[in-house]
Amino acid sequence: MPQVGRFDRWHIDVLGPLTKNSQGYEYILLVIDAFTRWCEAFPMKTQTAKEIADNLYTGVVSRFGCPRVLLSDRGQPFMSKIVKAMCEILQVTQHHTTSYHPNTNGTVERQNHTLAQSLRTYCNDTHDKWPSLIPGIMMAFRRSVCATTGFSPFYMLFGQEMKIPFDIALEPKDSLPQDTRVYIDQFLSNIKMSHKIALQNEAAQKEKDKVRHDQTARVRTFAIGDLVLLKVHKFPKGQSRKLCDKATGPYRIEEIGPNYTYGIRRISDHKKQASLVNATNLQPYIRPDPTRQRLSQEDQNIPPDPDSDSDSDPEVDQDDEVTPNVDVEATQQPTPTPQQTPDPATRYQIQKVLRGRRKHGRREMYIKWLDGSCTWEPDTCFDQEMSDFINSRWTKQGKRRKSYFN
């Protein structure tokens with residue numbers, strides 16, 4: 001992320017749900033200034049867009065002014081019309097992280113983790129007193145030296161360290177007050193010096209982080225037109241994560257964005273992904289061998305399931321039947337005929353496509369081969385040409401289309 005000044009860019013995120021207390025608080029809105037690392041935390045009863053917008057205005061904008069940039073993840077409250085309207089009125093630019101890549105918003109994500117650890121350490125047994133702990137935890141955050149800047153957020157903001165009761169007790173009681181102009185000059189000098197050093201420390205720390213990251217990170221790169229699989233982060237409710245597919249696709253790369261992000265479009269229904277996807281959530285798609293990749297012997301012997309979610313007629317139209325190759329010389333007429341495009345099913349030695357079904361979130365087709373055997377085959381067993389051939393006659397649910405063009 002580029003370097004910015006005080007209160008130019010705020011990072012925001014929501015922590016929760018936590019244990020609901022007697023006042024109804026269940027979430028925490030955490031807001032951090034990118035330059036000074038000054039943090040604010042607001043307990044919330046819900047994580048609706050309206051409550052988030054209210055806290056941003058009353059707790060941030062009214063005290064520190066309008067930022068230039070507001071950086072958040074792609075959570076529904078931050079993408080809402082209310083937050084967008086507030087940013088338009090205040091002329092604030094909204095930036096969002098790529099889907100399922102929280103590293104972009106690491107400034108607030110790391111502080112979220114530390115805040116949760118602190119609450120877990122000091123919270124009572126019933127876990128309902130956590131809102132009263134937030135002011136003290138925020139005070140500790142603000143007076144702690146940040147490794148990136150080399151100064152505490154309090155010093156970056158006020159030009160001096162935060163005083164605690166022990167520091168006040170050590171002050172001389174008979175100290176004479178400083179002249180106002182001398183005090184202001186010293187204050188401005190401290191602020192300018194701390195900001196200059198903080199910028200240098202931040203740049204040096206970013207370079208160290210980059211070197212350390214590059215030593216172990218191996219980010220894949222893709223070109224336009226490459227086929228990829230997209231990592232699955234949300235699994236069907238009630239199903240085991242270990243038994244679900246870890247990736248979905250294939251997708252085709254259509255756009256190359258900044259910082260190893262890509263725009264992708266799903267091959268099956270040509271639907272484009274709404275936002276750019278980071279390369280860490282993509283993996284190359286390797287086409288399966290197109291020559292009769294069958295399922296296990298147990299699945300091969302399973303007859304067509306009458307209770308499957310396909311209500312198509314097992315009888316096959318004449319268009320789905322593939323005739324075997326015949327001797328060309330024996331049937332050739334004296335008058336040359338135009339060359340016909342070969343049916344892609346011929347390459348697979350398929351006689352008929354009998355029916356389809358949905359099983360474990362994917363489509364399978366019941367194939368009758370030229371040797372007379374019948375098996376259920378998933379879509380991944382076919383190349384793009386054969387998939388297009390099947391899609392023209394069958395829906396994604398495995399049902400026969402009412403009409404199609406040959």
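The values are calculated or read from the model by the stated rules, or taken from the named source; none is laboratory data. As the structure is a prediction and not an experimental result, all values here were calculated from the model. Neighbour counts run over all protein chains shown; Cβ positions are idealised from the backbone, glycine included.
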Note to self: Condition first: charged (D, E, K, R) and part of a strand (DSSP E or B). Now tell me which residues in the stretch 247-286 satisfy that.
What the structure shows: 252, 254, 255, 265, 266, 272
Item checked: the stretch 135-162, residues that are without any contact (Cβ under 8 Å) to a residue 24 or more places away in the chain, in contact with a Phe, Trp or Tyr (Cβ under 7 Å, 6 or more places away or on another chain) and not in a loop (DSSP other than H, G, I, E, B) -> 143
Item checked: Every residue from the stretch 366-377 that is crowded, with 21+ Cβ neighbours inside 10 Å and in contact with a Pro (Cβ under 8 Å, 6 or more places away or on another chain) -> 366
Next item on the list: State all residues of the stretch 370-379 that are in contact with a helix residue (DSSP H, G or I) (Cβ under 9 Å, 6 or more places away or on another chain) and either farther than 16 Å from residue 269 by Cβ or modelled with pLDDT of 85 or more (or both); if no residue qualifies, say none.
Entry: 373, 374, 375, 376
Next item on the list: Quick one: which strands (runs of 3 or more DSSP E) lie wholly within the stretch 4-80 and hold at least 1 residues that are touching a strand residue (DSSP E or B) at 6+ places or on another chain (Cβ under 8 Å) and polar (S, T, N, Q)?
Entry: 69-72
Next item on the list: Being loosely packed, with under 11 Cβ neighbours inside 10 Å and either at pLDDT 85 or above or closer than 19 Å to residue 113 by Cα (or both) narrows it down to one of 135, 153, 172, 165, so name that one.
Entry: 135
Item checked: Condition met for residue 127 (on the phi > 0 side of the Ramachandran plot and in the same structural domain as residue 31 (by TED's automatic domain parsing)) -> yes
Notebook entry, point to check: Counting only residues that are crowded, with 17+ Cβ neighbours inside 10 Å and touching a residue at least 24 places away in the same chain (Cβ under 8 Å), which one in the stretch 17-30 is nearest to residue 153 (Cα to Cα)?
Noted result: 30
Checklist line | Single residue of the stretch 31-67 satisfying the filter (free of Cβ contacts under 8 Å to residues at least 40 places away in the same chain and basic (Lys, Arg)) that is farthest from residue 77 (Cα to Cα) | finding: 63
Next item on the list: May I ask you to list the residues in the stretch 16-34 that are under 15 Å from residue 128 (Cα atoms) and touching a helix residue (DSSP H, G or I) at 6+ places or on another chain (Cβ under 8 Å)?
Entry: 18, 19, 21, 23, 25, 28
Next item on the list: Quick one: in the stretch 68-104, of everything that is touching a residue at least 24 places away in the same chain (Cβ under 8 Å) and among the charged types (D, E, K, R), which residue is farthest from residue 210 (Cα to Cα)?
Entry: 81
Next item on the list: Could you check how many residues of the stretch 105-132 are surrounded by 13 or more Cβ atoms within 10 Å (Cβ to Cβ) and touching a residue at least 24 places away in the same chain (Cβ under 8 Å)?
Entry: 15
Note to self: Out of everything in the stretch 78-98 that is buried (at least 19 other Cβ atoms within 10 Å of the Cβ) and not hydrophobic (A, V, I, L, M, F, W, C), what residue ends up being nearest to residue 278 (Cα to Cα)?
What the structure shows: 98
